[in-house]
Amino acid sequence: MNRLPLEGKVLKENDRIAQELRQLYDTHGVLCLNLVSSPGSGKTSLLERTLEHFPAGERVAVLTGDIQTENDAKRLRRFGFPVQQITTGGTCHLDARMIQRALEKWRLQDLDLLLVENVGNLVCPSSYDLGEAEKVVVLSVTEGEDKPLKYPAMFFKSELMILNKTDLLPYVPFEVEKAVENARRVHPNMDVIKTSCVTGEGLPEWWQWLADRKDRFGAARVTAPVA
Ligand SMILES: Nc1nc2c(ncn2[C@@H]2O[C@H](COP(=O)(O)OP(=O)(O)O)[C@@H](O)[C@H]2O)c(=O)[nH]1
Ligand SMILES: [Mg+2]
């Protein structure tokens with residue numbers, strides 16, 4: 001009986017903190033992106049290939065969320081950039097408070113880019129704003145072309161769909177055009193990049209997308225940069 005009002009309150013509180021985070025990112029010129037997908041689509045693999053590509057001086061950090069284990073943080077720390085694991089202990093999404101707590105350990109003025117890997121789940125993370133500039137949804141070719149239609153909120157709220165594991169296309173019945181069409185039925189003109197974290201296909205396009213987003217974010221900032 002009390003479920004809806006309570007849920008509404010939690011989401012309202014989350015939105016308040018997310019707004020504080022957004023203001024903080026703006027003040028310090030940090031572009032925050034929230035990577036979402038089902039478990040196993042390749043979020044951590046994409047982040048590995050991204051960190052591997054960055055020069056040592058890149059001002060990037062990663063927060064990676066899972067219900068249990070430090071596995072993803074261990075995979076990502078190998079590249080020398082700041083990485084923190086957030087274990088939710090059962091919660092199916094990251095929320096803004098978890099991000100706020102994690103960020104207490106870092107100086108935002110040392111960063112230009114914050115990449116957040118959300119808990120693998122195509123439902124709950126769509127309801128929790130983390131103060132990010134944009135969401136990026138990863139869909140892999142083993143999941144079926146219909147997922148954008150089944151989980152529309154996630155695709156509607158994401159600016160970019162990474163269609164990952166294209167190296168597996170010869171082995172699975174998956175129509176790329178259909179998947180893109182479904183995504184764009186939910187989110188017209190959504191950006192789409194096809195990648196393989198195994199062969200490296202499409203990764204330069206993703207890196208370029210990131211660079212363009214950083215430039216666009218920098219140009220659109222409303223607050224003057226802080227020293
Ligand atoms: N064949 C293939 N496997 C991939 C690709 N990207 C990730 N994987 C594999 O998919 C599994 C899940 O990847 P992971 O990055 O942990 O996914 P996450 O749960 O979304 O973070 C791992 O076994 C990866 O090696 C890809 O592009 N092609
Ligand atoms: Mg992962």
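The values are calculated or read from the model by the stated rules, or taken from the named source; none is laboratory data. Source: prediction; values computed, not measured. All Cβ positions, glycine included, derive from the backbone under ideal geometry; neighbour counts span all protein chains shown.
For the reader, a short list of remarks on this structure follows.
- Candidates Val141, Val136 - the one that is within 16 Å of ligand 1 (Cβ to nearest atom), farther than 30 Å from Val30 by Cβ and touching a residue at least 12 places away in the same chain (Cβ under 8 Å): Val141
- Within the option set Cys92, Cys32, being assigned to a strand (DSSP E or B) and in contact with a helix residue (DSSP H, G or I) (Cβ under 9 Å, 6 or more places away or on another chain) holds for one residue only, Cys32.
- Sole exception among (1) away from ligand 2 (no atom under 16 Å from the Cβ); (2) in a helix (DSSP H, G or I); (3) surrounded by 15 or more Cβ atoms within 10 Å (Cβ to Cβ) for Asp215, by number: (3)
- Criterion violated by Leu203 - all others in (1) surrounded by fewer than 16 Cβ atoms within 10 Å (Cβ to Cβ); (2) of a type in the set (A, V, I, L, M); (3) at pLDDT 95 or above satisfied: (1)
- In the set (1) at positive phi; (2) in contact (Cβ under 8 Å) with a residue 40 or more places away in the chain; (3) within 16 Å of ligand 1 (Cβ to nearest atom), Gly120 fails one condition alone, (1).
- Unmet requirement for Ala133, which otherwise passes all of (1) touching a Phe, Trp or Tyr at 6+ places or on another chain (Cβ under 7 Å); (2) farther than 20 Å from Arg213 by Cβ; (3) not basic (Lys, Arg): (2)
- Selection from region 163-202 of residues that are among the polar types (S, T, N, Q) and part of a loop (DSSP other than H, G, I, E, B): Asn189, Thr195, Ser196, Thr199
- Filter result for Glu48 (acidic (Asp, Glu) and in a helix (DSSP H, G or I)): yes
- Set Leu11, Leu35, Leu6: member being out of contact with any His (no Cβ under 6 Å at 6 or more places or on another chain) and within 16 Å of ligand 2 (Cβ to nearest atom): Leu35
- Sub-6 Å Cβ pairs linking a first residue in region 22-38 that is within 16 Å of Arg216 (Cβ to Cβ) to a second residue that is within 16 Å of ligand 1 (Cβ to nearest atom), at least 6 apart or interchain, are Leu33/Leu115; Leu33/Val136, ordered by first then second residue.
- Any chance Gly131 is in contact (Cβ under 8 Å) with a residue 60 or more places away in the chain, in contact with a Ser or Thr (Cβ under 9 Å, 6 or more places away or on another chain) and of a type outside the set (D, E, K, R): no
- Residue list for region 35-64, filter: more than 10 Å from ligand 1 (Cβ to nearest atom) and touching a Leu at 6+ places or on another chain (Cβ under 8 Å): Thr50, Leu51, His53, Glu58, Arg59, Val60, Ala61, Val62, Leu63
- Residues that are within 15 Å of the chain's Cα centre (by Cα), hydrophobic (A, V, I, L, M, F, W, C) and under 18 Å from Val198 (Cα atoms), drawn from region 47-94: Leu47, Leu51, Leu76
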